[in-house]
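First comes the structure, then the notes that go with it.
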Amino acid sequence: MRGWCRASSLYHHSVEHPSILVVGCVSLDRIHVGGQSHDTIGGAGLHTALAARFAGAHVALVAPRPRTLTPLLQAAAKRLAWFGPTTDLAHMPRLEIAHHGDGKATLLGADWGAEAWLTESHLPDDLSRFAIVHIAALSSARKMLEFLHACRARGATRISAGTYYKIVRDEPATVRAIFEQADLFFMNENEAKGLWGDLRVVGRVAKRTREDALLFITFDRRGAVVIAGEQATPIPAEPAQERDPTGAGDTFCGATLAGLARGEDPFTAAQNAAVLAARAIEHIGPAYLLGLPLL
């Protein structure tokens with residue numbers, strides 16, 4: 001009960017409402033956890049956007065949107081300015097994930113569906129009004145880099161990006177290019193090791209980027225680290241009764257972005273985000289971010 005009250009006090013009483021734009025996907029997910037299967041919604045773009053909204057930001061989401069919304073999608077749409085290519089539910093991206101505990105999971109199936117229809121033409125012409133533009137994980141690093149360039153061309157002043165292990169493995173040079181050109185970058189321990197091999201070099205790599213660039217690396221139950229130039233600050237994990245860790249990193253990302261956009265320092269923003277991520281994984285899918293009861 002302490003966690004619920006703490007998260008509420010941190011987020012729902014925010015006075016300022018900065019604007020964040022998230023480019024990504026919404027997916028229809030099937031989650032296997034604790035011997036049970038659950039049909040829910042997810043996607044890096046959705047988790048990031050909902051977390052930023054929960055943390056007090058006004059959020060626009062550029063993602064494929066089905067013409068018919070399920071109840072969960074309706075709940076998400078009420079919280080976000082959601083626009084992008086329209087599609088049928090049958091063509092929405094789909095993920096099937098089995099969670100085994102202790103942060104271990106198996107991706108049983110992935111279909112990117114209508115993500116192929118998401119292009120730079122769906123971006124607003126003027127992105128300068130957004131405090132931060134975040135590019136969530138897409139089907140390829142090349143596509144993400146193209147979006148990053150398009151966002152710069154449309155006036156985005158602060159660009160954030162995430163990644164995931166498959167594109168780190170298959171397109172490492174392009175992921176590095178995204179990292180070098182983004183102002184904020186989010187990844188987990190496995191992705192960092194996949195990209196650089198040895199975490200001891202991460203600090204040296206980060207120092208070669210722009211002085212105001214930030215790198216956030218999450219370590220599951222061991223918390224996270226914020227790297228800003230020569231300074232690497234550990235962020236402790238918030239205790240949680242884990243049920244569904246899907247989207248934990250994206251939840252951390254979205255809440256951190258909201259904190260940064262309203263003027264918090266990176267470490268305070270990340271500490272608050274760790275609390276929200278802990279509460280979110282105690283539920284199935286984004287139920288906590290949608291204000292739904294424990295399933």
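The values are calculated or read from the model by the stated rules, or taken from the named source; none is laboratory data. All values derive from a computational prediction rather than experimental measurement. Using ideal geometry, Cβ is built from the backbone for each residue, glycine included, and neighbour counts are taken over all protein chains shown.
Points worth noting:
- Only one of ARG53, ARG30 that is over 19 Å from GLU120 (Cβ atoms) and either surrounded by fewer than 18 Cβ atoms within 10 Å (Cβ to Cβ) or of a type in the set (Phe, Trp, Tyr) (or both): ARG30
- Taking the stretch 210-219 as the range and being modelled with pLDDT under 85 and either farther than 17 Å from LEU257 by Cα or surrounded by 21 or more Cβ atoms within 10 Å (Cβ to Cβ) (or both) as the test, the residues that pass are ARG210, GLU211.
- In the stretch 98-109, the residues that are among the small types (Gly, Ala, Ser) and assigned to a loop (DSSP other than H, G, I, E, B): GLY103
- Scanning the stretch 262-290 for residues that are over 17 Å from GLY42 (Cα atoms), in contact (Cβ under 8 Å) with a residue 40 or more places away in the chain and surrounded by fewer than 24 Cβ atoms within 10 Å (Cβ to Cβ) yields ARG262, GLY263, PRO266, PHE267, ASN272, ALA274, VAL275.
- Pair list, Cβ < 8 Å and 6+ apart or interchain, from the stretch 230-250 residues that are part of a strand (DSSP E or B) to residues that are modelled with pLDDT of 90 or more and surrounded by 24 or more Cβ atoms within 10 Å (Cβ to Cβ): PRO234/ALA224; ILE235/ALA224; ILE235/ALA270
- On the stretch given as the stretch 237-268, residues that are under 22 Å from GLU191 (Cα atoms) and among the aliphatic types (A, V, I, L, M) total 4.
- Matching residues in the stretch 256-278 - criterion: being in contact with an Asp or Glu (Cβ under 7 Å, 6 or more places away or on another chain) and farther than 30 Å from GLN36 by Cα: ARG262
- Flag if GLY259 is at pLDDT 95 or above, farther than 20 Å from ALA137 by Cα and crowded, with 18+ Cβ neighbours inside 10 Å: yes
- Qualifying residues in the stretch 158-184 (those that are charged (D, E, K, R), touching a Lys or Arg at 6+ places or on another chain (Cβ under 9 Å) and farther than 20 Å from GLY254 by Cβ) - the one surrounded by the most Cβ atoms within 10 Å (Cβ to Cβ): GLU171
- PHE147 meets the stated requirement of being in a helix (DSSP H, G or I), within 19 Å of the chain's Cα centre (by Cα) and touching a residue at least 60 places away in the same chain (Cβ under 8 Å).
- For GLU180, the stated conditions do not hold, so it cannot be described as at pLDDT below 95 and touching a helix residue (DSSP H, G or I) at 6+ places or on another chain (Cβ under 7 Å).
- If you go through the stretch 45-65 and keep only what is farther than 17 Å from THR119 by Cα and not in a helix (DSSP H, G or I), you end up with ALA55, GLY56, ALA57, HIS58, VAL59.
- Listed conditions (1) within 30 Å of GLN36 (Cα to Cα); (2) in a loop (DSSP other than H, G, I, E, B) are all met by CYS253, apart from (2).
- Residues in the stretch 110-144 that are in contact (Cβ under 8 Å) with a residue 40 or more places away in the chain and assigned to a strand (DSSP E or B): 4 in all.
- From the list ALA206, ALA131, ALA150, ALA173, the lone residue that is over 30 Å from ASP39 (Cβ atoms), in contact with a strand residue (DSSP E or B) (Cβ under 9 Å, 6 or more places away or on another chain) and at pLDDT 95 or above is ALA131.
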